[in-house]
Each structure stands twice: as C-alpha cells, then as structure tokens.
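In what follows, a structure is listed as structure tokens, so that the remarks can point back to it.
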Amino acid sequence: WGLLLLAAALALWGTAAARCPAPCVCDNLRAHVLCLNGNLTAVPGTIPQLTKKLDLRGNSFTVIPAGAFLTTPYLTHLDLQRCKVERLEEGAFRGLGRLVYLNLASNGLALLYQESLDGLSSLQQLSLEGNHIEEIQPGAFGHLGSLTVLDLRANALVYLPDMVFQGLQVLRWLRLSHNALHVLGSEAFAALPALRRLSLDHNELQALPGEALARLDGATRLDLGHNPITYVAEEALAMASLKHLFLDHAALQDVAPDAFARSPQLRTLDLRENQLQGLLPLAGAGGLARISLAGNPLLCSCLLRPFHNWLARARVQVEGACAAPPALRGRPLDSLRPPEMRCDRPRLPPSPATPSEQPKADSSRQCPQGCACSPDFRHGSCENRDLREIPRGFPGDTRLLDLRRNTFGTVPPGAFPDLKELVSLHLQSCSIGALRPGALRGLESLVYLYLTNNRLSTLAATAFEGAPRLAYLDLDRNAFARLPAGAFQLLPNLISLHLQHNAIGKLAEGDLAGAGGLRWLYLAGNTIGRIAPAALAPAKMLEKLHLEGNRLAEVPTAALRGLPALSELKLSRNPIKRVGENAFLPVASSLQHLYLDNMGLERISPRAFAGLGPKIRSLYLESNKMSSIPDMSNFTGLEILNLRDVPFRCDCQLLPLRRWIDKLNLRVGATCGSPAEARGLKVKLSTAFQTCPGWGRGEAGGASPDKTKAARKPSKKKRSGKSPARGFKKSRA
C-alpha cells in the first residue's frame, strides 16, 4: 500500500508539473518551484498542488491578496524576498497550515495588522527584515503559536506597545536590531515565556529599559550595543537567567556598582568602545567570568585599584588597556600592579544623575460615548463613527488613539487634553484642512502621528508645540504644494517624514530647517522638478531619500552634497534621459541601494558611477532604453542587479559586460535588443560575441574551470555567513 500511495503521489505531481507556470522552474524530485526575478505581478495559479518549497524572490506583487496560496496547501517554505510587497490583505496566507518558513524580507511593508499573518499555525521562522514597518499592532502575531525566530531587523520601529508579541509562546530569538527604538512599553515583552535571545542593538535607546526586560525570566543573551545609553543605574537589570550582556559601542560614562546585582547568572559583560574612565567593584555579579573594556579611556589611577583588586579576587578575566596616565598608556589592565596605580591625576568626574521616574498619569477607565477603550492594550478607538468633533475623556494612560475615517475638518488647540502617555495618534482620512497652533499641546510622549489622506496644504511650526518627542510624521496624500517650511523647528526628534503623493513642485533652501535628526524622507509621487543645492543640507543624518515618480530631468547631484550617511536613493520613474559624470560622487562613500529603473534612460556616461564600488549592494536599472552601461567590475558587493527590459546591443563593445555577468552569482535578466538575430536572447546565451577579438581569453570564452571557480568563490563565501532564516541561495544568471 505504501508503494501504491507513493506512486499515486508521484503521478499527481508529474501531472501538475506538466503545467509548471511559464517563467518558473519545477523540480519534480524535491517538490520545489522557483519563479525568480521575473515580471510576475500575481502569484501564479497553476503551481503544482503538492509543492513544498516555493521561491518567488524578485517579482512585483505589491499586494498579497486573501487566499493567494489556497491552491498549494502543502507548502512548508515560502520565499517572497524583494517582491515590492506593500500590503498583506487579511487572510493572505490562509490555508498554509503546514508552512514552517516564511521570508518577507526587503519589501515595502509599513504596518502589521492583527489579521495580516492569520492561518500560519505551524510557522517556525518569519523574516520581515528590511521593510518599512513603523508600527506593530498588538495581536499581529497572535496566531503564530509555533514561531521560534522572528526577524524584524532594519525596519522603522520607534515604539513597542505593551503585549505587542502576545501569542508567541515558544519564540526563542527576537531580532529588533537596526531600528530606531527609543520607547518600550513596560509590558512589551511580557508574553514571551520561552525567549532566550533578544537583539536590541543599533537602536536609539537612551537608558536601559529595565522594566520591560524584567519580564524575560528565561532570556540568556541580550544585545544592547550601539545605543546612546550613558548610564546604567542601580539594579537596572533584573534578568534571572541572563548570561551574556552586550553594551558595546554605546555612550556609557558610568555603571553603578550594583547595576547587575539582580542578574546573578551573568557570565560575560561586553562594555567595549564606551566612554568609561573607570569602574567600581560590581556587587552581586559573583558568576561573572569575563568583562571587556577595550576601547574605553581608562584612567589607571588609584581610583581604579578597588576594581582592579576585585577582578583578581573574583578571578574575572578582563580585556582593556590604560589610556592614562601617560606612563601607563597602552598597558593591559591585567598586567598592572597596585603600586603602579597612583593618584597623581584629577579624580574621575561624578556619575551622571539617575534619570528621574516619570509620574504616572491617571488611569481611570472612562471612555467617550460611542468609542471603544481597551484597558489591557491601553488603546482607544473611534474609527469610522461619523464624528464631526474630536471626542474627549479617554483614559489618561491611553497609548494608542485611533480616530480614522471621521469628518473633523479642523484639529483645534488643546484637542487632546490629559493624554500625556499617548504614543500613537491616527487621524487618517478625517477631511482635516487645518492643524491649529497648539493642537498637539500636552502630548509630551507622542511618537507617531498619522495624518494621511486629508486636505492639509500648510502647517505652522506651532502646530507641533507640546509634542517634542514626535519621531514619525505621515502627511502622505494631502494637498501640499511645497514643504511646510519652518514646521519642523519644534521637532528635534523627527526621524521619518512622509510627504508622498502631494503636489510639491520643488524643494527650496530652508524647507527642512530644524530637521537635523531626519533619517528617512519620502517624497514619491509629487511633481518635483527642481531641488535647490542646499535644500537637503539641514538633514545631515539622512539615510533614505525616496524621490521616485517625480519630474526630475537630471540626478540632483548638487543637492546630495553634505549627506554623508545616505545609503538609499530612489529616482525611479523620473524623466531622466541621461546620467552624467560623477552623478553620485557626493554620496559614493555611503550609498548602498540605488534605484534608476523605469525612467526611459537613454545614456549613462562612462564615469556616471565614479566613486561607487564595493559598498553598493543593489542596483536597479530595469525598463530603460540605453543599449550599454558603464564598467561596474568594482561593484563586488552586489546582491541585486536588475537589467530586465533594457535593449542591449549585443556586439563586441558589450563583451566586457557579457564577461562580467558570466562571473556574477546573480540573476540579472539582461537580454539583447539588437542586432535582429540576437533580439530577445539572454546576453549570456547570445553567440554574437564569439567573433569578437579576445573572446577566447575571457570568462565567457575558454576560461579554465579553476578560474571560473575562483571567480565565483567570493560570492559563495559571502552567502555562507548568512543566517539560516535567509532561506534559498541566490540563483545564477
């Protein structure tokens, strides 16, 4: 019977495989289907029913609709990396009860709703790395009871509300690195009983979030490096099982002697590259075996003797060297003798004062009539209630207030009294034409403000008075004809500004005055035809600049000067016909992702990419009109190169590109547009190059297997270091 069942299954797969969708490759033996880097805009409906692994990387889905995978109920692995997904509809993954691995990395997701991931009861690994997720609603992961690894790295998170990870009962590793987190609810990690590792490095935490971390009784490793934490207070960390703590590359100036007294299992403490001049003996850290102080300006005077003696008594290994006095500079701490540590230098500066506790607001449970208030999540909602005025009387401890789809028209001064703990305010689609001065007065904890799809055309600076912590401002789909100059002067913590799909025609000098901390600027879908050379100058920390779908006729090279951190530049869908020399030179040292697709681009100058090199990770040139491209052989760090729908002239002048593509471990989609006999052929497969001088000397010709192997080896080595959550390997061109 077993053999009969196996034969029947193979027969069913074989029948289905015969209908393998056109751009895809079906592996009958392993039940794998690959549809890589194609032009798919929807999930193919003819994928074999018994498929177990489906790889759809590099397509253009935008939206994953409800029931998109109902015809493939046996899937265990699904890869949707780099598919330009912006929205997951409710029930998008319904029917995938066997799925254990889902990769949604490098897409455009901005919000996760409660129903986004419904139906994935067996899912064990979920990667959402490299999206634009700004906010997660509590309950979004409520149906993922089998999840063990959740990857949310490199998103745009600033705030984690209470119980945001509710339902993740077996989660073991939570990755939140490379966001902009600086507010954590005290119960943010309360529902994670099995968590063993938490990665919070590369965020904006200014103090150790001790209250939130105290809920993690079982966590053994905590990564908090690369945060601007200046002081670790008394008993700041109460984690009963913690063994490895990383606080490297922060801004630490002092650590209280009993800072880790309530973490008795601590074994390794990494304090590298901080501003510590010294430490006192660490009380209660009896299990500590190793402490790293390398890269700190240690003053090896008599003030350091108690700590030095404690190290010897407790048999703690130490890494670090003296920075002063001059006679001891460079000496390892473990080589010092107490008599050498003399007090002939100024005393250490006093410890910074411990941050004072903020008084808690009144938490009475009143709620305006017709609205809903959740005491557990501290949410209030009056969504789509046909309200004409903003209601009052929400509980004083409300953190999220949802007032979408009403008809307020105006937000008057003092519209949100007694809401000092409010973090997220939703006012989308409310027909708002005016935000009056003082409208946000008293919202001292506000981080997110959503004003999408309203009628705003101007903003006064005083409109944001009283909301100094505002970090995310979403003004997409309003009526702005220019940036609201001066409006950002009272927003010193503004990180992300959305002004997409307005009517902005130009960026002028002074438009971004006051936006010194801005990291991400989204201006897609406007009518911008000119950017003044100094228009972006105030935003010296800018990392992402999205200008796609505007009216720029040239690369705004002059405006890019003074942006040393810019890593992502999108110029897609602008009428730029020619890219001149040194176009990206001002940002050559930082640029990693460059989008030049769908522009009708006709020519790229030979030195257009001057200065760019190994740092470039992705380059999008698809759907343009040029017939050749400059030499890019020094782009050795490329992970994505898209050359689809470019009419290359496959003659001897293109031979260097042909050879380079042959060496890449990437699928680039390059095809010949001419001559006629080569039209439509992949550049790699065209025989037009075989008559070119030097054909036999290149990789494309008679290169030996050893040379070919050597050329590809670095790419393989690079990929082998990735996390298993990355999933499928790159497919070759």
DSSP bridge pairs, the chain: antiparallel proportion in percent, nearest 5: 10
Residue-normalised accessible area of the stretch 577-692, expressed per residue, 1.4 Å probe, Å²: 42
Contour minus Cα-Cα distance for CYS302 and ALA481 (0.36 nm per residue): 58.0 nm
When the stretch 20-192 is reduced to its Cα atoms, the Kirkwood hydrodynamic radius in Å: 16.2
Hypothetical label at ASP418: residues of the stretch 441-457 whose amide nitrogen lies under 17 Å (7 Å Cα-Cβ projection): 441-444
All-pairs alpha carbon distance profile, the stretch 103-260, 10 Å steps from 0, percent: 11, 42, 35, 10, 1
Full-extension gain in nm, THR268 to ASN634, via 0.36 nm per residue minus C-alpha separation: 127.7 nm
Cysteines in the chain that, by Cβ-Cβ distance, have no pairing candidate under 4.7 Å: CYS83, CYS430
Net lengthening on full extension, ALA324/ALA289 (0.36 nm per residue, minus Cα-Cα): 10.0 nm
The chain: calculated mean residue ellipticity at 222 nm from DSSP helix runs of at least 4, using -39500 (n - 2.57): -2500 deg cm²/dmol
Assigned charges on the beta-carbon of Lys, Arg, Asp, Glu; the stretch 577-692 dipole about Cα centre (debye): 60
Two-decimal Rg/Rh across the chain, once Rg and the Kirkwood Rh are taken from alpha-carbon atoms: 0.99
Protein accessible area in the stretch 20-192, 1.4 Å probe - carbon and sulfur %: 50
Karplus 3J(HN,Hα) series, Hz, for the stretch 149-163 with 6.51 cos²θ - 1.76 cosθ + 1.60 (x for Gly, Pro): 10, 10, 10, 10, 5, 6, 10, 10, 6, 10, 9, 10, x, 4, 6
Virtual spin-label span in nm between LYS682 and ASP217, 7 Å along Cα→Cβ: 5.6
Highest to lowest packing among 553-564, 625-636, scored as the average C-beta count within 10 Å: 553-564, 625-636
Carbon plus sulfur fraction of accessible area for the stretch 476-595, probe 1.4 Å, in percent: 50
In sequence order, calculated HN-Hα J values of the stretch 80-86 (Karplus, 6.51, -1.76, 1.60; Hz; x Gly/Pro): 10, 5, 6, 10, 6, 6, 10
For the stretch 235-242, Karplus couplings with θ = phi - 60° (6.51, -1.76, 1.60), whole Hz, Gly/Pro x: 6, 5, 10, 10, 10, 4, 10, 5
Förster-model FRET efficiency, 25 Å R0, GLU383 and ARG436, C-beta, rounded to 0.05: 0.65
Rounded D (µm²/s) - the stretch 196-339, Kirkwood Rh over Cα pairs, Stokes-Einstein at 37 °C, 0.692 mPa s: 216
Inter-label distance, nm, simple model (7 Å from Cα along the C-beta direction), LEU70/ALA22: 2.5
Distance violations [Cα-Cα > 22 Å] among LYS540/LYS615; LYS540/LYS570; LYS570/LYS663; LYS663/LYS684; LYS570/LYS682: LYS570/LYS663; LYS570/LYS682
Between helix 705-720 and the chain: long-axis angle, C-alpha atoms, 0 to 90°, nearest 10: 40
Residues of the stretch 232-280: accessible area per residue with a 1.4 Å probe, Å²: 38
Inter-label distance, nm, simple model (7 Å from Cα along the C-beta direction), GLN369/GLN317: 7.1
Nearest-10 value in Å² for the accessible area of MET599, using the 1.4 Å probe: 10
Pairwise FRET efficiency - LYS625 versus THR230, Cβ, R0 = 41 Å, nearest 0.05: 0.15
Acute angle (nearest 10 degrees) that the helix 2-17 long axis makes with the longest principal axis of the chain, alpha-carbon atoms: 70
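The values are calculated or read from the model by the stated rules, or taken from the named source; none is laboratory data. Bear in mind that the values here come from a model prediction, so they are computed numbers and not experimental data. Cβ atoms come from the backbone with ideal geometry, glycine included; neighbour counts cover every protein chain shown. Note: accessible area is taken over every heavy atom of the protein model, side chains too, but ligands, DNA and RNA are not part of it. Shrake-Rupley method; radii C 1.70, N 1.55, O 1.52, S 1.80 Å.
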